[in-house]
1. Looking at (1) at positive phi; (2) at pLDDT 95 or above, which is the only condition residue 141 fails?
2. Which of the helices (runs of 4 or more DSSP H) found entirely inside the stretch 24-121 contain at least 1 residues meeting this: over 25 Å from residue 160 (Cα atoms) and within 17 Å of the chain's Cα centre (by Cα)?
3. Only residues that are over 20 Å from residue 10 (Cβ atoms) and in contact with a helix residue (DSSP H, G or I) (Cβ under 7 Å, 6 or more places away or on another chain): list them for the stretch 112-129, please.
4. Counting only residues that are out of contact with any helix residue (DSSP H, G or I) (no Cβ under 7 Å at 6 or more places or on another chain), touching a residue at least 40 places away in the same chain (Cβ under 8 Å) and either crowded, with 20+ Cβ neighbours inside 10 Å or not in a loop (DSSP other than H, G, I, E, B) (or both), how many does the stretch 141-156 have?
5. Among 9, 32, 41, which is crowded, with 20+ Cβ neighbours inside 10 Å, modelled with pLDDT under 95 and under 30 Å from residue 133 (Cβ atoms)?
6. Quick test for you: out of 115, 89, 80, pick the one residue that is touching a strand residue (DSSP E or B) at 6+ places or on another chain (Cβ under 7 Å), closer than 19 Å to residue 147 by Cα and surrounded by 13 or more Cβ atoms within 10 Å (Cβ to Cβ).
7. Please indicate, with yes or no, whether at least one residue in the stretch 15-22 is assigned to a loop (DSSP other than H, G, I, E, B), more than 13 Å from the chain's Cα centre (by Cα) and buried (at least 20 other Cβ atoms within 10 Å of the Cβ).
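The values are calculated or read from the model by the stated rules, or taken from the named source; none is laboratory data. Everything numeric in this text was worked out from a predicted model, so none of it was measured. Every residue, glycine among them, receives a Cβ derived from its backbone with ideal geometry; neighbour counts consider all protein chains shown.
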């Protein structure tokens with residue numbers, strides 16, 4: 001079972017993702033994709049660690065190459081978040097690359113291993129602002145990744161002001 005959770009910044013996506021796995025009895029893995037850089041990133045990471053403390057997650061810090069992750073079969077996996085993963089993959093080298101195929105391959109790998117996969121992503125590009133070329137390319141790739149991941153998912157939920165709105169499947 002795969003659930004994709006999307007929405008804007010600070011709208012309750014992470015809270016919902018963790019809540020969906022509260023009652024999972026098997027092994028639970030939290031794949032953290034945010035690179036720790038700068039005070040804001042460290043504060044966000046610290047907050048997320050505090051929130052999920054005591055919930056039974058084993059944290060795997062993996063910023064790229066999801067397909068390399070080994071989790072036990074029949075486990076639950078929370079991938080937080082695809083927007084960070086996409087940026088890490090796109091800008092890993094001097095040249096900007098399109099990591100869509102690599103990330104989708106990684107998601108399929110996790111689906112094959114895990115009994116339950118919950119993916120957190122961000123709704124980017126809806127503000128209508130024209131950014132620079134690199135940011136516009138990132139927004140384009142994220143849109144494609146979100147659409148492909150939604151197609152692979154059993155459930156798609158958008159968090160709006162802390163309220164989950166089911167777009168596909170059910171909670």
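1. So the condition that residue 141 fails would be (1).
2. Ranges flagged: 82-90, 100-113.
3. If the condition is that a residue be over 20 Å from residue 10 (Cβ atoms) and in contact with a helix residue (DSSP H, G or I) (Cβ under 7 Å, 6 or more places away or on another chain), then 117 is the only one that fits.
4. 4
5. The match here is 32.
6. 80
7. Looking through the stretch 15-22, at least one residue is assigned to a loop (DSSP other than H, G, I, E, B), more than 13 Å from the chain's Cα centre (by Cα) and buried (at least 20 other Cβ atoms within 10 Å of the Cβ).
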